[in-house]
Amino acid sequence: MTRTRFPRPLAHRLPVSSTALFNASIAALIAMAPLPAPAQSAPSPLASFTRTLNAAISGYNREHLNGVSPEACATACLADARKSWCVSFDYYKASQQCDLSDKRAADVGGLKTDYAGNPYDHYALNPGPGVPNPIVGPYGRRHVLVIGIDGLRGDALFCAGCATTPALSQLAAVGAFHGNVLAGGSQSTYSGPGWGTLFTGYWADQHGVTSNDASLPLRKPHVFDRIKQVYPTATVAVVGDWANITGNLKPAGADFVVANAAKNSQQATDAVKGWLSWTNPPTVIFYYLHNVDIHAASYDPYNAYYQSKIVGEDAQIQQVLDGLVARPTYAQEEWLIVVVSDHGGTGSGHGGQSAGERDAALVLTNRYRNPTKPPYCQGDLTGTALPQTGALTPHVLDFLGLVNDTAGSKHPACGAR
């Protein structure tokens, strides 16, 4: 039988001195090899909060949890079901309970800190850092805040006997206003077609959302998606209570989407204030306010109930504007603030083609408490007809230096500088 000969290991074929050298080299290589990395534990949810000992925001609680740890409370606050509103919690140390809140200490005049026996700790959600905005203009990073007020007639603003709106009035005073943006015409004056036209710059026969049916997709790009096509790292945020706004009408590439409770404007406001508190807030934000769309009394500029809803939403807008100008870097940024509505109304409804139903609003400015910026638009623009296709998308694209190839055109008095 023929025996197969296998070569001896290299070390056995070397002289003794070479073998010693070989073994030393192998030992050195083993010593140089990296050790397996230790398993990484998941960061504690409490890392997202700042703790204040012996303090509470007592009296402003929205949800109570029993038998929980501080970590469990933090996890609950950060959960998808609560992230639209939860910004802090108080922890009861002895009883292992916590109260989740939609308020921060600054919202209620500070924390209560004079408790005997140190029973509570307060945990405040830290502002997120965000992603740096890639769009830089000659006067700083350019952002867009779109405020959508459902059902606001253009002729219900800035007129004798109309609702008193200090926030909207300040925006118009340092910018521009159009009191009769033409909704409807070739489409109904329902919300779905109106918002679809504003978001795309096309009428409903082209963008595809011909009714309030939430299953109808946009067939034309959302203006915010156009921005992300050119600037992929731009971030997009949307908040609204109407399912279509956070569903079929939202940008496909939205980074942050919050669905607030029905007609709860404060929750939507708090979401926007949270984004504005970030070091790097979203590049563009859509902030939807629903309470002016009353369907209960007259959509009449002089109707007291209609006016009360406009006044209420104006107060919400003021909170957001205060949060915006409180940004430490606000003077070095340029924000285009655009207020738009999807339709007007007549009697207790809308959908038809009457003058009141077709009358939508537009306010826009890039100079709110930032007077060093050259104005993007100024004055009363109402004298020049402006169809709804031109109200939002063309102005946003123009301000950000992007090509507008939609069916709409910006107002001739407006333009990026």
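Annotation: residue 296 fulfils all but one of (1) at pLDDT below 95; (2) aliphatic (A, V, I, L, M); (3) over 30 Å from residue 60 (Cβ atoms); the unmet one is (3). For the range 371-411, filtered to residues that are in the same structural domain as residue 331 (by TED's automatic domain parsing) and of a type in the set (S, T, N, Q), the residue that is farthest from the chain's Cα centre (by Cα) is 384. Of all the listed residues (241, 213), the sole one being under 23 Å from the mean Cα position of the chain (by Cα), of a type in the set (Asp, Glu) and closer than 30 Å to residue 81 by Cα is 241.
Mind checking whether some residue in the range 406-417 is outside any helix (DSSP H, G or I) and at pLDDT below 95? For the range 406-417, residues outside any helix (DSSP H, G or I) and at pLDDT below 95: present.
With respect to being out of contact with any Phe, Trp or Tyr (no Cβ under 9 Å at 6 or more places or on another chain), charged (D, E, K, R) and in contact (Cβ under 8 Å) with a residue 60 or more places away in the chain, residue 155 fits the description. Residues in the range 382-401 that are in contact with a Phe, Trp or Tyr (Cβ under 9 Å, 6 or more places away or on another chain) and either surrounded by fewer than 23 Cβ atoms within 10 Å (Cβ to Cβ) or of a type in the set (S, T, N, Q) (or both): 382, 387, 388, 389, 393, 398, 400. Total residues in the range 369-396 satisfying the condition of being assigned to a loop (DSSP other than H, G, I, E, B), over 22 Å from residue 353 (Cβ atoms) and touching a residue at least 40 places away in the same chain (Cβ under 8 Å): the figure is 11.
Pick out, from the range 171-236, the helices (runs of 4 or more DSSP H) lying fully within it that include 3 or more residues that are within 26 Å of residue 413 (Cβ to Cβ). Fully inside the range 171-236 and qualifying: 191-200, 223-230.
The values are calculated or read from the model by the stated rules, or taken from the named source; none is laboratory data. All values derive from a computational prediction rather than experimental measurement. Counting neighbours? That spans all protein chains shown, and the Cβs are built from the backbone with ideal geometry, glycine included.
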